[in-house]
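S.K.: Structure in structure tokens, see below.
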Amino acid sequence: MDKLLIEGGPRLAGEIAISGAKNAALPLLCAALLTRDPVTFTHVPDLNDIGTMLRLLAQMGVKVEREGSTVTLDAGGLDTPVAPYELVKTMRASILVLGPLVARMGEARVSLPGGCAIGARPVDQHIKGLQAMGAEIAVEQGYVHARTARLKGARLFTDMVTVTGTENLMMAACLAAGETVIENAAREPEVVDLANCLVAMGARISGAGTDVIRIQGVESLHGTTHRIMPDRIETGTYLCAAAATGGDVRLTGTSACYLDAVVDKLMDAGCEIETGRDFIHLHASRRLTAVSIRTAPYPAFPTDMQAQFMAINTVAEGTAVIRETIFENRYMHAVELIRLGADIRIDGNTAVVQGKPALEGATVMATDLRASASLVIAGLVARGETLVERIYHLDRGYEHLEQKLAALGARVRRVR
Ligand code: EPZ
């Protein structure tokens, strides 16, 4: 398994471009299942999760063409509405094929994703919503079996804000008979990017980005070309790496408009930040001030940035209190940061981080995507060498990570 060897110390400086958003691309690729026409996506990030999704779609009968960061999917020959366990177990987002398959084919057999390091992550809201739209659903032998003559519009209310739940139900509703209203909908920018693409395909959607989304079902959708939005979590991750190292970094092809909560916290920590239509420039001159955070659905502070901020707080001035309200087990990075000398105490969903002048390099283990990013940030500031193991987690969500870090002056290299 690959490892990342990091020599701590250099202040990051320079400019890198931000890639297309993983969490926008994954539902968007599934949207191609809703039409017989080819759909083209540009600015698609080169990530393992994207590769897994394309393999999943291809084994259903979807024609996949990939030229660099442009992907064209043709689901005209879709004939196998099945998502098998061996693919789904490696990527939970596979559940996003369920809504489109039921809507387009009237049936689907999708393996339950199973849990992951950060929590049980059930999909009961996805199932409840499709049942409300008339799908007959049985969960047997670890698979969701769904069947319907045609979905019909319904008023849906999810018990909690769920990003992929909202996306699955919004895609299914595009081809249902009548109007669907999703209340308590997720407001994440990736939901809006998906809605924009669906509307370009002929769907009738209003309210995306608010907590009430209305969809008027139509008979069919047609093809389109859609550019994936920038990855706001990749953006936030590099801002944190620059902040932690006292750096001076410009990120292009991205914007702060989807990261207000994160930018505010970085400014509270003492960073100077300049933002423009398609760039963010961060300068951190001195030791950061500890900042407390509480994760919550968009537009509040994103759970996907919690681990990266914990890393910053381990070497900041003062004490930070972190509250994780979305996932029940998203502190796996804490014990690894403690191996680097961090002072962190976990009590349920609260972590208290006492900033220290320095961390000491050590061997640490990545457990999930954002935890891995947190360990990389800590390794960039720790004294000496840090070896991050199991970095296949990183390859799922960060395109060309070591190349981008090296372009900013970091001393990192991948070791087999
Ligand atoms: C999406 O996951 C993201 N993944 C996650 O990013 C992100 O952390 C999460 O939203 C929260 O923002 C993608 O978009 C592919 P949820 P998702 O459904 O949709 C509970 C990353 O690092 N819940 O919004 O799976 C759930 O257990 C990943 O890129 C149910 O109980 O998250 C969680 O506690 C990690 N039943 C909460 O709701 C359901 O049916 C929010 O989960 C659905 C969710």
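S.K.: Compute, for the range 25-176, the length of the dipole vector about the Cα centre, with Cβ point charges of +1 (Lys, Arg) and -1 (Asp, Glu) only. Units Debye, rounded to 20. Provide the component values of the computation, followed by the final result.
M.R.: Working: 14 positive and 14 negative charges, 68 e Å.
Charge dipole of the range 25-176: 320 debye, to the nearest 20.
S.K.: Keeping every protein chain present and rolling a 1.4 Å probe, give me the accessible area per residue for the range 82-203 in Å².
M.R.: Result: 35 Å² per residue.
S.K.: Continuing with the same structure: Radius of gyration and Dmax for the range 202-241's Cα atoms, expressed in Å?
M.R.: Gyration radius and largest Cα-Cα distance of the range 202-241: 15.9, 48 Å.
S.K.: Percent relative contact order of the chain, based on C-alpha pairs within less than 8 angstrom and at least six residues apart?
M.R.: Details: 1061 pairs, mean separation 87.1, N = 416.
Relative contact order of the chain: 21 percent.
S.K.: Follow-up question, since we're still on this one. Hey, any idea what % of the range 157-287's accessible area is carbon plus sulfur with a 1.4 Å probe?
M.R.: 47
S.K.: If you don't mind, there's one more thing I want to ask. Do the sum for the chain: with -39,500 (n - 2.57) for every DSSP H run of n ≥ 4, divided by all residues, what is the mean residue ellipticity at 222 nm, to the nearest 500 deg cm²/dmol?
M.R.: Calculated from helices alone, the mean residue ellipticity at 222 nm is -9000 deg cm²/dmol.
S.K.: Give me Rg over Rh for the range 230-339, both radii from the alpha carbons and Rh done the Kirkwood way, two decimal places.
M.R.: Working: Rg = 13.2 Å, Rh = 14.0 Å.
Here the Rg-to-Rh quotient is 0.94.
S.K.: Hey, another quick one. Within 11 Å, Cβ to Cβ, of residue 281, how many net charges do the neighbouring residues add up to if Lys/Arg are +1 and Asp/Glu are -1?
M.R.: -3
S.K.: Find the Cα radius of gyration of the range 278-387, compare it with 2.2 N^0.38 Å by division, and give the number to two decimals.
M.R.: 1.02
S.K.: Looking only at the chain, where both bridge partners belong to it, what percent of the DSSP beta bridges are antiparallel (to the nearest 5)?
M.R.: Percent antiparallel among DSSP bridges in the chain is about 70.
S.K.: By the scheme Lys and Arg +1, Asp and Glu -1, what is the net charge of all other residues having a beta-carbon under 14 Å from that of residue 160? Mind showing how you got there, number by number?
M.R.: Numbers: positive: 121, 128, 187; negative: 124, 159, 183, 188, 211, 328.
Its environment carries a net charge of -3.
S.K.: Among 393, 381, 292, whose Cα projects farthest towards the positive end of the dipole of the range 257-415, with charges put on the beta-carbon of Lys, Arg (+1) and Asp, Glu (-1)?
M.R.: Checking the options against the dipole of the range 257-415, the answer is 381.
S.K.: For residue 36 and residue 67, what is the calculated FRET efficiency with R₀ set at 22 Å and r taken between the beta-carbons, to the nearest 0.05?
M.R.: 0.50
S.K.: Over all Cα pairs of the chain, how is the pair count split among 10 Å bins, expressed in % and running from 0 up to the last occupied bin?
M.R.: Reading the bins upward from 0: 5, 23, 31, 24, 13, 4, 0.
The values are calculated or read from the model by the stated rules, or taken from the named source; none is laboratory data. Note that the structure is a prediction, hence the values are computed from the model and not measured. Every residue, glycine among them, receives a Cβ derived from its backbone with ideal geometry; neighbour counts consider all protein chains shown. Accessible surface is based on the protein model in full, side chains and every heavy atom, while ligands, DNA and RNA are left aside. Shrake-Rupley method; radii C 1.70, N 1.55, O 1.52, S 1.80 Å.
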